[in-house]
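Following: one structure in structure tokens, then a few remarks.
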Amino acid sequence: SGVGIDPMYFIPVSARDGDNIASAGDNLGWFDGPTILDALDNLRKAAPNDELPLRMPVQDVYKFNERGDDRRLVVGRIESGTLKAGDDVTFLPSGKTSTVASLEVFSAPTPEALSTGDMASVTLTEQVFVSRGDVMCHSDAAPEVSTRLKVNLFWLGQTPMEVGKRYKLKLATAAVEVGIESIDRVLDASELDTDTEKGQIERHDVAELVLRTRKPVAFDSTADLEATGRFVIVDGYDIAGGGIIREALT
């Protein structure tokens with residue numbers, strides 16, 4: 001409860017003997033709860049919520065030149081919300097705006113609308129320059145855009161995460177350079193002790209900190225929309241940490 005976690009089960013196990021991992025075994029007969037595998041099977045993925053604001057991180061822009069086809073197809077996966085032809089859309093952080101001219105599908109009937117989880121390919125009435133990393137949204141329900149993010153982060157890197165070192169932040173399809181602006185507090189995941197004076201984040205630490213990106217990124221707080229509020233940190237070529245965005249800072 002001290003770190004805001006509400007556990008579903010407490011399960012005694014023996015990894016060595018296999019008790020309560022896949023089956024109950026003979027050594028923990030006093031426990032009548034689920035095994036680890038049973039508990040995992042009881043987890044349910046949240047149903048897609050089409051009522052949330054539209055978020056489609058742009059994966060790429062395709063252009064075909066044969067037979068005079070000059071369309072530009074903006075493609076990506078719809079992480080939340082719905083999309084149809086005629087919708088006014090904005091791309092952030094670039095700020096470009098346009099209207100969806102059509103939904104394009106290869107070798108299949110054109111759908112009237114697309115919803116959460118669908119792969120989308122759209123053409124626009126006005127050709128605007130957008131690129132991978134932009135987030136397409138409805139013009140009246142935009143995500144946050146900032147270079148300063150207040151986050152909760154879990155560090156898995158072999159070397160500590162340090163102030164002054166540059167990393168890569170990957171959020172949806174965006175990848176930008178990032179560094180630590182300030183460390184508010186660090187939680188020892190083993191002891192649950194907090195340290196407000198710590199100058200770096202050690203392996204397996206959980207930290208509350210402020211990150212600053214080299215250029216603006218579009219995102220939501222995870223309290224509002226999880227899909228565009230989660231990120232990973234890359235150190236060199238390794239994914240060394242991950243976290244959630246709590247809020248945007250000016």
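The values are calculated or read from the model by the stated rules, or taken from the named source; none is laboratory data. What you see is a predicted model; the values in this text were computed from it and never measured. Using ideal geometry, Cβ is built from the backbone for each residue, glycine included, and neighbour counts are taken over all protein chains shown. For the accessible areas, the whole protein counts, side chains as well, though only heavy atoms, and no ligand, DNA or RNA atoms are used. Shrake-Rupley method; radii C 1.70, N 1.55, O 1.52, S 1.80 Å.
Counted over region 7-108, the DSSP beta bridges are approximately 90% antiparallel. Sorting Tyr237, Tyr167 by solvent-accessible area of protein heavy atoms yields Tyr237, Tyr167, largest first, with a 1.4 Å probe.
For Lys165, the aspartates and glutamates whose Cα comes closer than 19 Å to its Cα, not counting residues fewer than 8 places off in the same chain, are Glu177, Glu181, Asp184, Glu197, Glu202, Asp205, Glu208, Asp235, Asp238.
Write down the Kirkwood hydrodynamic radius of region 93-138, to one decimal in angstroms, obtained as one divided by the mean of 1/r over all alpha carbon pairs. Before the final figure, lay out each step's value.
Working: mean 1/r = 0.0829 Å⁻¹.
In region 93-138 this quantity evaluates to 12.1 Å.
Going from most exposed to least, what order do Val232, Val186 have by accessible area with a 1.4 Å probe?
Working: Val232 45, Val186 5 Å².
The most accessible residue leads, giving Val232, Val186.
Restricting region 151-250 to GluC sites (Glu not before Pro) that sit in a DSSP loop and have at most 11 other Cβ atoms within 10 Å of their own Cβ leaves Glu191, Glu197. For Lys168, the lysines whose Cα falls under 24 Å of its own Cα, not counting residues fewer than eight places away in the same chain, are Lys150, Lys198, Lys215. From the P(r) of region 19-157, could you give the percentage of C-alpha pairs in the tail past 20 Å? The calculated P(r) of region 19-157 puts 59 percent of pairs beyond 20 Å.
Within the chain, the longest run free of trypsin sites (Lys or Arg not before Pro) that sit in a DSSP loop with at most 11 other Cβ atoms within 10 Å is 46-165.
Using the Cβ-Cβ distance between Asp140 and Leu192 with R0 set to 51 Å, the FRET efficiency from 1/(1 + (r/R0)^6) comes to roughly 0.75.
Dipole magnitude for region 124-250: computed about the Cα centre from +1 point charges on Lys and Arg Cβ and -1 point charges on Asp and Glu Cβ, it is near 540 debye.
Using a 1.4 angstrom probe, figure out how much accessible area region 107-250 has per residue, in square angstrom, rounded to the nearest whole. If you can, show how the numbers build up before the last one.
Working: 7610 Å² over 144 residues.
Heavy-atom SASA per residue in region 107-250 reads 53 Å².
In the chain, the DSSP-assigned H stretches of four residues or longer account for a calculated mean residue ellipticity at 222 nm of -500 deg cm²/dmol, using -39500 (n - 2.57) per stretch and the full residue count as denominator. Counting only heavy atoms of the protein chains and using a 1.4 Å probe, Ile239 has close to 120 Å² of accessible surface. Sorted largest first, the principal axis extents computed over the alpha-carbon atoms of the chain equal 72, 45, 32 Å. Region 74-125 and region 153-195 have Cα centres lying 34 Å from one another. Selection among Val100, Val128, Gly179 by position relative to the dipole of region 42-179 gives Gly179 as farthest towards the positive end (Cβ unit charges, Cα centre). Students often forget the sequence filter, so: which lysines lie under 24 Å Cα-Cα from Lys45 once same-chain residues fewer than 8 apart are removed? Result set, ordered by chain and number: Lys170. Starting from region 42-141, pick out the GluC sites (Glu not before Pro) whose DSSP state is loop and whose Cβ has at most 11 other Cβ atoms within 10 Å. Filter output for region 42-141: Glu51, Glu112, Glu126.
Report in % the part of the accessible area of the chain that belongs to carbon and sulfur, leaving out ligands and nucleic acids; probe 1.4 Å.
On the way: 7150 of 14680 Å².
The C+S portion of the solvent-accessible surface of the chain is 49 percent.
Full extension of the chain between Leu156 and Thr99 yields a length gain of 16.3 nm, computed as 0.36 nm times the residue separation minus the alpha carbon distance.
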